[in-house]
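These notes concern the structure reproduced below.
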Amino acid sequence: MPLKKGRSKKIISANIGEMVRKFKKTGSLGTTKPKSVKAAVSQAAAIAYGKAGKSRMKKADGGMVRSVVRRDGRTPTKIY
């Protein structure tokens, strides 16, 4: 089943649950095979947030920084 479109927490949570159930059934997430359920949940969360457009990794000072939009919707905030 394809992932649902949307940016709400409910949609993101449903997508994570869908991918974790698929991992438990088949042992893989797409073309990757995480070693544990914990790793699969982490990867599923990254995929779901990426699909929703809420997680964008940017390089800054040689490291990775995640930029998220604040609740007011105006200014991006960097999380290190």
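Read the figures in this text as sums done on the coordinates, not as results from a lab. Every value quoted in this text rests on a predicted model; they were computed, and no experiment measured them. Virtual Cβ from ideal backbone geometry, glycine too; neighbours counted across all protein chains shown.
Key figures for this structure:
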| quantity | calculated |
| --- | --- |
| By average C-beta atoms within 10 angstrom, highest first, the peptides 28-35, 11-18 | 11-18, 28-35 |
| Residues of type lysines that K54 reaches as a straight line, Cα spacing below 27 Å, ignoring anything fewer than 8 places off in the same chain | K4, K5, K9, K10, K22, K24, K33, K35, K38, K78 |
